[in-house]
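Just dropping this structure here.
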Amino acid sequence: QVQLVESGGGLVQAGGSLRLSCAASGSTFSRTVMAWYRQAPGKQREVVAHINIFGTRNYVDSVKGRFTISTDNARKTVYLQMNSLKPEDTAVYYCNSVPVWYTWGQGTQVTVSS
């Protein structure tokens with residue numbers, strides 16, 4: 001049973017950077033598409049980026065050119081490099097597959113101050 005453990009969040013000023021990690025404890029990611037989701041207060045959880053087993057990446061328009069999703073070769077960790085952060089990026093960030101397969105982890109809080 002894969003457990004998702006997200007880390008790397010924090011408080012950063014607008015324009016700053018963070019690198020999020022999502023580790024699969026217990027196994028590797030077996031699902032074809034892995035993604036980073038985020039949920040801001042009062043809003044629905046949304047996919048911000050996803051990557052398939054061939055390395056094809058897709059991003060929501062609001063993060064294109066600023067965020068980069070990647071995985072390690074063993075497919076045990078998914079990363080999200082976030083640059084030029086904006087206050088509207090403030091949210092709890094989670095990883096999971098697309099479609100959702102795994103039990104949600106605890107997420108990691110990202111707060112961007114203006």
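The values are calculated or read from the model by the stated rules, or taken from the named source; none is laboratory data. Computed from a predicted model, the values in this text were never measured in an experiment. Methodologically, a virtual Cβ is constructed for each residue, glycine included, from the backbone with ideal geometry; neighbour enumeration extends over all protein chains shown. Ligands, DNA and RNA are stripped out before the accessible areas are found, and what is left, the full protein with its side chains, is counted by its heavy atoms. Shrake-Rupley method; radii C 1.70, N 1.55, O 1.52, S 1.80 Å.
Name the pairs: first residue in region 30-45 and closer than 15 Å to Asp89 by Cβ, second residue small (Gly, Ala, Ser) and not in a loop (DSSP other than H, G, I, E, B), Cβ to Cβ under 7 Å, at least 6 apart or on different chains?
These pairs meet every condition: Trp36/Ala49; Arg38/Ala91; Gln39/Ala91; Ala40/Ala91.
Got a number for residues in region 20-52 being touching a strand residue (DSSP E or B) at 6+ places or on another chain (Cβ under 8 Å), of a type in the set (Val, Ile, Thr) and not in a strand (DSSP E or B)?
Residues flagged as touching a strand residue (DSSP E or B) at 6+ places or on another chain (Cβ under 8 Å), of a type in the set (Val, Ile, Thr) and not in a strand (DSSP E or B) within region 20-52 amount to 1.
How many residues, within region 1-19, are in a loop (DSSP other than H, G, I, E, B) and of a type in the set (Lys, Arg)?
Residues in region 1-19 being in a loop (DSSP other than H, G, I, E, B) and of a type in the set (Lys, Arg): 0 in total.
Okay, next question. Could you tell me which numbered condition Gln106 fails, if it satisfies all but one of (1) part of a strand (DSSP E or B); (2) touching a Leu at 6+ places or on another chain (Cβ under 9 Å); (3) open to solvent by 60 Å² or more (accessible area, probe 1.4 Å)?
(1)
Of Gln1, Gln39, Gln44, which residue is open to solvent by 70 Å² or more (accessible area, probe 1.4 Å), within 21 Å of Thr103 (Cα to Cα) and modelled with pLDDT of 95 or more?
After ruling out the rest, the residue left standing is Gln44.
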